[in-house]
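Student: The structure that follows is given in the form of structure tokens.
The values are calculated or read from the model by the stated rules, or taken from the named source; none is laboratory data. Nothing here was measured: the structure is a model prediction, and the numbers come from that model. Ideal geometry is used to build each Cβ from the backbone, glycine not excepted, and the neighbour counts take in all protein chains shown. Calculation scope for accessible area: heavy atoms of the full protein, side chains included, ligands and nucleic acids excluded. Shrake-Rupley method; radii C 1.70, N 1.55, O 1.52, S 1.80 Å.
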Amino acid sequence: MIERDLRDIASLSRTREIIKKYNLHLKKSLGQNFLTDANILQKIVKVAKLDQATNVLEIGSGIGTLTEYLARTAHQILTFEIDQQMFAVLTETLNLYPNVTVVNQDILKADLKQETTKAFTNHLPLKVVANLPYYVTTPILMHLIKSELKIEQIVVMIQKEVAERISARPGSKAYGSLSIIVQYFMEAYVAFTVPKTAFIPQPKVDSAVLSLVKRQVPAVLLTDEKAFFRLIKAAFAMRRKTLWNNLVHAYGKDQKTQDKLLKALESSKIDSKRRAEALTIQEFAALSNAMVGG
Ligand code: SAM
């Protein structure tokens, strides 16, 4: 017989109790920092604008702290947890919520299309809400953004510095290839920051909740997406160097390549002495399209 505990998982005392009861050895290597602040959970749910007509995909259930809030607000929840030792915990902590499916698997290895089709009985808008393990934040975000799932919004707690990089605007120090690649697909903003003290165990860095809303159409019109992503990576390879230096380094120093690059820069009206961090996504798109076309 499973006990029913009606208290929130999100409190310091209950989290400590669960850790003790199941003799959990929290793994730093899996980014196991559990939220214990109910106010923050409420704020996350608010940023995600969840309701009964929304399904949610969560990554990293942990002991079910955030999952419980999602289950109370949204229609159905599919949550992935890589760590086997959490499975027994979740069976107890989430036993009041029949709308939750827990899958004991690495999100990066999961067949997301198949798992969501199995878990969700209704075709409803899908959002991702998660307190992500920090060691794999970027691979997980890219995996989701590039997956064939129709995700309307992603609301994730991540390392503050990474949230700032993803949402950065041109001209700022944080602006780089990650900002452009994500903002090509999504509208990004930092909703709020979260101090280390909201977790147990406390992480070394502060966190932030990032909202990414899927654009109806990508931010810019591209002739060749792959060529654009290659250009972005090349342009930011060495931040202190000029755009020109980075481009010849990546594409080649021979005369023919230099002529082609110069022609593309000229037709897209971009000064080759500028640095990549000063260029807008529209300027990168113009340059990429000129390089492909020329
Ligand atoms: N959701 C809980 C909370 O808010 O307190 C736990 C969040 S904790 C920061 C991240 C969780 O992700 C951990 O429980 C960890 O075991 C799990 N995790 C780490 N890597 C994962 C992966 N590749 N796939 C699925 N879960 C993963």
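Student: Pull out the extension gain between TYR135 and ASN95, defined as 0.36 nm times the separation in residues minus the alpha carbon to alpha carbon distance; nm, one decimal.
Tutor: 11.5 nm
Student: For segment 225-293, take the convex hull of the Cα atoms, compute a quarter of its surface area, and give me that in nm², please. Walk me through the numbers before you get to the answer.
Tutor: Details: hull surface 15.8 nm².
The Cα convex hull of segment 225-293, projected and averaged over all directions, gives 4.0 nm².
Student: If you don't mind, there's one more thing I want to ask. From the square roots a ≥ b ≥ c of the eigenvalues of the alpha-carbon gyration tensor of segment 20-156, which class results: rounded (a/c under 1.5), prolate (a/b over b/c), or oblate?
Tutor: Rounded, since a/c falls under 1.5.
Student: Amide H neighbours of GLN153 under 5 Å, counting only residues 5+ apart in sequence or on other chains, H built in-plane at 1.01 Å?
Tutor: Excluding prolines and chain starts, which carry no amide H, the hits are VAL128, LYS214.
Student: Percent antiparallel among DSSP beta bridges with both residues in the chain, to the nearest 5?
Tutor: 50
Student: What chymotrypsin sites (Phe, Trp or Tyr not before Pro) in segment 168-250 are in a loop by DSSP, with at most 13 other Cβ atoms within 10 Å of the Cβ?
Tutor: Hits after loop and neighbour filter: nothing returned.
Student: Something else now. Counting other Cβ atoms within 10 Å, which trypsin sites (Lys or Arg not before Pro) in segment 17-78 have at most 14 and lie in a DSSP loop?
Tutor: Passing both the DSSP loop test and the Cβ count: LYS27, LYS49.
Student: Going Cα to Cα from LYS263, which lysines come in below 27 Å? Please leave out same-chain ones fewer than 8 positions away.
Tutor: LYS226, LYS233, LYS241, LYS253, LYS273
Student: Which value in deg cm²/dmol, rounded to the nearest 500, describes the helix-derived mean residue ellipticity at 222 nm for the chain, given -39,500 (n - 2.57) per DSSP H run of n ≥ 4 and division by the residue count? Show your work: numbers first, answer last.
Tutor: Values: 12 runs with 117 residues, N = 294.
One gets -11500 deg cm²/dmol as the mean residue ellipticity at 222 nm.
Student: What accessible area per residue, rounded to a whole number of Å², is obtained for segment 12-214 using a probe radius of 1.4 Å? Walk me through the numbers on the way to the answer.
Tutor: Numbers: 8870 Å² over 203 residues.
So segment 12-214 comes to 44 Å² accessible per residue, rounded to a whole number.
Student: Mind giving me the nanometre distance, one decimal, between the label points for GLU152 and ASP51, set 7 Å out from Cα along Cα→Cβ?
Tutor: If labels sit at GLU152 and ASP51, their model points lie 0.8 nm apart.
Student: Of all trypsin sites (Lys or Arg not before Pro) in segment 97-152, which ones are in loop regions per DSSP and have a Cβ with at most 11 other Cβ atoms within 10 Å?
Tutor: LYS146, LYS150
Student: Whole number in Å², please: accessible area per residue of segment 225-293, 1.4 Å probe, ligands, DNA and RNA not counted.
Tutor: 58
Student: Moving on. What longest region of the chain stays clear of GluC sites (Glu not before Pro) that DSSP places outside H, G, I, E and B and that have at most 12 other Cβ atoms within 10 Å?
Tutor: 149-294
Student: Same structure again: May I ask you to give the average projected area over all directions of the convex hull of the Cα atoms of the chain, in nm² rounded to one decimal?
Tutor: Values: hull surface 65.6 nm².
Directional mean of the projected Cα hull area for the chain stands at 16.4 nm².
Student: Using a 1.4 Å probe over the heavy atoms of the protein chains, calculate the carbon and sulfur portion of the accessible area of segment 1-134 as a whole percent.
Tutor: Of all accessible area on segment 1-134, carbon and sulfur atoms account for 54 percent.
Student: Next up: Over segment 225-293, with every protein chain in place, what whole percent of the accessible area is carbon and sulfur at 1.4 Å, could you tell me?
Tutor: The nonpolar share, carbon plus sulfur, comes to 52 percent.
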